[in-house]
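To keep things clear, I will list the structure first and then write my remarks on it.
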Amino acid sequence: MCSEWHTHSFFLEVKPRAELASLFVDCPPNEPGDEATGQDDSNKENASLNLVRVSEHAVELGVPATIAESLHMEEKLPRYRANISNLTLYPQSLCAPTWADNHRLFMCKIHVETDGSPLVPKTFHRLASDISDTEALEEYCKNAAGASISLDCSQCGRPIIETRSRDVTLSCMPSDDWLETSPSADYYCRDSCGAGCDPERHSKKRDGTESGNMHSDWFPTVKRYLISHSYVAVNRESLSDPGMCHDDRYLLCSGCNGELGTVVKNCNQIVLFHHAVCTLSVNSKPFLKTRFPDTSVFFAQLVLSSCEAQSSLKLVVRSLNKTPHVLIWLLDSYVVAATGELQKEEEEDNGALSDIRPFPAVKMLYKVFDAQSAATDPRANGEDASVGLIDVPFGCCMMLIEHLLLSSHSLPLPCRSVGQFYVGFLKIAESV
């Protein structure tokens, strides 16, 4: 998780479509100390001297030793440095230096290339697929064979499913809404393709499937759960407390009363629990931590796949009671960013500073709704047809907003907002 912008922070943003990257460095003014009281005017002026230097794999702040010697500086001034791995900066291309805030935020443009492979634009579908392919769901389900499987509320730890039997199996769903869309569930291949692909396997008697009713063989059972990137589908009979289903629409935890998921519309025997608020564990290893290096990557997958499914760059995230909480507007397909703090160089360190690892991220504008804006903003109340809508548990909404706010606070102050929107990002991998 990115740290908040503070003294000696830096931020580097590389866009696949742009020739030059943007570099921001915090350069705090030197406060004269007691040791400067006896110095002459030239030494006092040199004591406030600062210099930003860029090399191929580092950003430095301070006066280099060679320059300090040529200026006959009596007091050794501190120098700060950050090493950046996996990126190559070209100092000769540095241009457009300026003070972004007219005070202490240095900004410039510079050409940057990634080591190994060039940056190329990617569609949102490609990005979502790349995240999902880190470990394919099919492979995850295969590795879970014979394992102990449990499902608990992430907020209070209350068990949602009592059984921890090792004979429960996992199967994967192609998409989050697979059980609620046709022809994915209502007319499955076995009953709709005319048995042409496999007559032996498809030799089933008429059972009412042609009328639009979901086949019972597609249900999750007490011995089989279905999982997608965002949900785990279980049969109602598996629940430790059937009373957590309210109005055959949504699920509330019996312990903390938090929203956990929804009931499938066309089959109320199937319930969907969201991974953001429920912990699915296989041999005591949580699903999210196994498949995603960071929770931010999970939310990036959620946003990208939702925008792709609804063919929209704008997405309103609502809780299960249809209350809008945040509007997301995707900007660039993705960027590569490096952010961190310039560390003070010590003579005894001998180059022991740790490297900053750049990471790819999807950049976005977002707006958090309060009660008034949720009622009046046409993008929140459904009047804007160009905006996609997704309904997730309230806890998922809050976690997503928290990640976006934390990312905004890691940006330099002038870069945090555009008009009525904040600027944020979600990681799509830990490093390039």
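Below are the figures for this structure:
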| read-out | value |
| --- | --- |
| Amide H within-cut-off set for Cys172, under 5 Å, with H built and near neighbours excluded | Ile227 |
| Simple spin-label estimate for Leu288 and Gln420 in nanometres, 7 Å along Cα-Cβ | 3.1 |
| Qualifying trypsin sites (Lys or Arg not before Pro) for region 277-364 [loop in DSSP, other Cβ within 10 Å: at most 14] | Lys322 |
| Partner lysines for Lys15 [C-alpha distance under 21 Å; skip if fewer than 8 residues away on the same chain] | Lys109, Lys122, Lys314, Lys363, Lys427 |
| Highest to lowest packing among 281-287, 252-258, scored as the average C-beta count within 10 Å | 252-258, 281-287 |
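Every number in this text was worked out from the coordinates using simple rules, so none of it is lab data. Small disclaimer: the values here were computed from a predicted structure and weren't measured. Every residue, glycine as well, gets a Cβ built from its backbone with ideal geometry; the counts of neighbours run over all protein chains shown.
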